[in-house]
Number of protein chains: 2
Amino acid sequence: MATSEAATRGVSGTGATSAATATAAARLRVAVPSVADRVADELRLQLAEGILLPGARLTESTIAEDLGVSRNTVREAFAELASERLVVRHPNRGVFVASLEPGDIHDVYTVRRTIEVSAIRGGGSPEAVAAVRAAVEEGKLAAAANDDEGLGTANQHFHGAIVALAGSRRLNTIMSQVLAEMRLFFHKATMDANFYSGYLKDNEEICEALEAGELEKAADLLLAYLDRSEDKQAEVHGE
Amino acid sequence: MATSEAATRGVSGTGATSAATATAAARLRVAVPSVADRVADELRLQLAEGILLPGARLTESTIAEDLGVSRNTVREAFAELASERLVVRHPNRGVFVASLEPGDIHDVYTVRRTIEVSAIRGGGSPEAVAAVRAAVEEGKLAAAANDDEGLGTANQHFHGAIVALAGSRRLNTIMSQVLAEMRLFFHKATMDANFYSGYLKDNEEICEALEAGELEKAADLLLAYLDRSEDKQAEVHGE
DNA sequence: AATTTATCGATTGTTCAACAATCCTTCGAT
DNA sequence: ATCGAAGGATTGTTGAACAATCGATAAATT
């Protein structure tokens, strides 16, 4: 059973919602995530970690039991995940972990090309550019430490920072959702030791061009990168 | 009460789910919208028509009664609308019709510039270009008939067709969500007789450039259009 | 034997009712 | 007038129930 070990932790993290914590949260106007949100978070985590593989069925009752919440709450969490395309609803049949088909892969990269290239063409504020640089350095560090997983997240930070150049809240969330979709496939299993390592130099070059204000060059490099990346993906997964 | 007259129709549209209809649907594998979906549709309609104005509060119980459904179902519909940003959840306070602030308007236009301009730069298939042309003609027709509302929808079809040039399912849904967000403000009240009429010629020009394969020119025209449109919006709605 | 038709079990879709938690407002005290 | 304490209303969450639907198994037909 996929969600087995989650039973012990439950949806905790907030653990016992003591009165003290609750009032403190209210006073500080800190948004306390609802139970449904925490369930969605837990599932998102399991999806990202590859515990739940594409195509797997998510049964309401079992997840409700495993996480110690009501079926209705699980249902709300499902709605959230479905809106992010991480999960697909088959009416009267259940929800399944989304599985990207070849066409979807191309589609995702189309979105990325559109948003990322446009963002980098816009330049962005010095702080935003600094964030891109930071992601590059983060990647170098991870590479030095032979931290494959860290390399992956650094790469995602890099592309997130690129989109952030545009300074648009909506584009940011769109991008993070797209990246979440892709994470369904970038599991440890999928990526071998030097899956990302080749991209390190690309990121560096793109960042340098960006810092130098050579936006068109940066855009071209990024575009080439994305095309190559898509090819690699199409190669690995089906067809 | 905002949802008053909806009480009579309820969430109908499927009306009596007769056995005949149900089995026919099953045989034809036609996806029958769930009750929650129909509730969401009804609310989306009321939002688009300006029956529910930005900032208005949506109380679960009253909507549940008005539409003759359970509170839980209304809740699911809310989740759907919230994921589309048509509605905002204030934890423990309720959901409210989203109201775009000046910053949001700029943000929305940033998304549109990113996606639409990129799409038009890509060119697109002949059929996709034909769809753009069709939207232009639709607008002319509406203008000839003095149909302001038709003019508005034609304009939306035009921009939808532009995005469709990219042939990306995800970009299409993103665009339609953005347009839905904007509809919250383009009510009959907001637009006077010749609000869209000025855009007719713009659309025509853009379409012609597109048909002629002058993609960069088309992109420039579109960009100028969007900038002007944003200014106009910012002018109307507080600074 | 292969295909169709019933039957059954399991799961989803939806409703209802209850309760705790939280917020807003009103009221009262200082 | 400010502050704080009830009170009421609404949301968040649960639990149980039931109809509708699907998939698979078993039976019946050709």
Whole angstrom only: what separates the Cα centroid of the range B:74-92 from the Cα centroid of the range B:150-177? 24
Determine the shape class of the range B:119-196: with a ≥ b ≥ c the square roots of the Cα gyration tensor eigenvalues, call it rounded for a/c under 1.5, and otherwise prolate if a/b is greater than b/c, oblate otherwise. oblate
Run through the other copies and list how far each one's label point is from that of B:ASP104, in nm with one decimal, shortest first; the point sits 7 Å from Cα along Cα-Cβ. 3.0
Candidate cut points under chymotrypsin sites (Phe, Trp or Tyr not before Pro) in the range B:160-237, DSSP loop plus at most 15 other Cβ atoms within 10 Å of their own Cβ, are none
Exactly which GluC sites (Glu not before Pro) in the range A:27-98 are in a DSSP loop and have at most 16 other Cβ atoms within 10 Å? A:GLU49
Once the Cβ-Cβ distance between A:SER197 and A:ASP227 is put in as r, and R0 is 25 Å, what FRET efficiency do you end up with, to the nearest 0.05? 0.85
Once a ≥ b ≥ c are taken as the square roots of the eigenvalues of the Cα gyration tensor of the range A:102-236, is the result rounded (a/c under 1.5), prolate (a/b larger than b/c) or oblate (a/b not larger than b/c)? oblate
Could you pull out the GluC sites (Glu not before Pro) across the range A:110-194 that fall in loop regions by DSSP (anything but H, G, I, E, B) with no more than 11 other Cβ atoms inside 10 Å? none
Going 7 Å from the Cα of A:GLU205 in the Cα-to-Cβ direction, what parts of the range A:138-180 have a backbone nitrogen less than 19 Å from that spot? A:139-140, A:155-156, A:158-159, A:162
With x for Gly and Pro, the residue-by-residue ³J(HN,Hα) of the range B:86-94, computed from phi through the Karplus equation 6.51 cos²θ - 1.76 cosθ + 1.60 at θ = phi - 60° and given in whole Hz, is 7, 9, 10, 9, 10, x, 6, 10, x
Order of B:ARG93, A:ARG112 - criterion: other Cβ atoms within 10 Å of each residue's Cβ, fewest first: B:ARG93, A:ARG112
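Where a number appears in this text, it was derived from the coordinates with a stated rule and is not lab data. All figures in this text were calculated on a predicted structure; none of them were measured in a lab. Backbone-built Cβ (ideal geometry, glycine too); neighbour counts: all protein chains shown.
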